[in-house]
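Scroll down for the structure; my scribbles are underneath it.
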Amino acid sequence: MPVAACAASHTKISGQGSVAAHSPCACAASHTKISGQGSVAAHSPSALKDAGGEALAAGDIVRATHMYTMAIDLVLEGEAPPASGADWFALDAKSGGVLHALLSNRSLTLLKQEDAPAAAEDAEHCTCARPDWPKGHLRLLAALDASFTLLEERRRAATAAAGKPAGRRAEEEEAEQIAATRRVAEDPGDPRRFMAAGDFGSALAVGAFGLQKDVAAAEVYLRVGADGGDAGAQRNLGLLLLELGRAAEGAEMLRRAAEGGDESAAATCDQLLSEAKAREEEALFKLRALASGGDSRARAVLEQHEAERAAVTARAGA
């Protein structure tokens, strides 16, 4: 669904009055009244997200979608949607994590309005904005599943109109496709094996396509794909390992995927590095505070840390 800039515009919402949808620079003190619910800051993505949540809870899907769209427009600041996953990730960080939630919420409301393609687009952007957030991937699976169902219904209608049998049910075809993927994944002689293993393992990791969730089996198949150089398998294996609490292994696998050109993995690596640096600075601050208070153990740890850092610097300059 295209995200249009709403600079200096007003939009009518289900007979509820005019909602100011200004660009960030034009709405310095903009508030609007929505159906007796109080004043909503139309220049605040968070406030609009909350208004959308209230509308959704009240069953007004159209108004909720509009609130989320206004908020996304504000985050984009009138610019076209990002062209890469890394740009979505950076924009989400700039928004304080609001953007990925807005995209997820609008994907839900669009799906409720039976606009599966637009819902899938929002969900995909959500997974780019926050690659390590499981809910975004679940939104994408739901939208893709709805898209598949819609296409299947159209196919059945077309074949019925043409006087031909509708064929097997969608569930049977899906089961056959996932079974074929598994066969390829388990065939050492098939050149498609690594990609198929990554796809099958990814489905097992979340319990998609009618499969029961099995993280142990998922790791086995994902590792086949990852060892074969499939960047998607490396990324999803890294995320699975992080979920299982195996941070070092997960980070290493994400690094391999990022080096293979996977933008989502690269964005996740950047996020993990940023979080690690923040934790390190917090720990050093506490150690310095203890050392300044006379704690000899804290002082010894700080001295060892500085010595190790100096050694790393010396090796890098050699």
Under a plain spin-label model, where a point goes 7 Å from the Cα along Cα-to-Cβ, how far apart in nm are V220 and D87?
-> 4.3 nm
Calculate one ³J(HN,Hα) per residue across segment 226-233 by plugging θ = phi - 60° into the Karplus curve 6.51 cos²θ - 1.76 cosθ + 1.60, and present them in order as whole Hz with x for glycine and proline.
-> 5, 5, x, x, 6, 5, x, 5
Arrange D73, D115, D270 by Cβ neighbour counts within 10 Å, fewest through most, would you?
-> D270, D115, D73
If Lys and Arg each add +1 and Asp and Glu each add -1, what is the summed charge of the other residues whose beta carbon sits under 14 Å from the beta carbon of G245?
-> -3
Which of D295, D262 comes first, and how do the rest follow, when ranked by fewest Cβ neighbours within 10 Å?
-> D295, D262
For E186, list long-range residues whose amide hydrogen, built 1.01 Å from N in the peptide plane, is under 5 Å from its own amide hydrogen.
-> none
What is the distance, in nm, between label points placed 7 Å from the Cα along the Cα-to-Cβ direction at D187 and at E249?
-> 3.0 nm
Net length gained if the chain between R315 and E79 were fully extended (0.36 nm per residue, minus Cα distance) = 80.5 nm
First select every other residue whose beta carbon is under 12 angstrom from the beta carbon of A258; then total the charges, Lys and Arg +1, Asp and Glu -1.
-> -2
Local electrostatic count at D190 - Lys and Arg +1, Asp and Glu -1, tallied over other residues with Cβ under 12 Å = +2
Pair A180, D50: separation of 7 Å Cα→Cβ label points (nm) | 5.1 nm
Which of W88, W133 has the fewest Cβ neighbours within 10 Å, and the rest in rising order | W133, W88
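Coordinate-derived values only; no laboratory data. Owing to the predicted nature of the structure, the values given are computational and were not obtained by experimental measurement. Cβ atoms come from the backbone with ideal geometry, glycine included; neighbour counts cover every protein chain shown.
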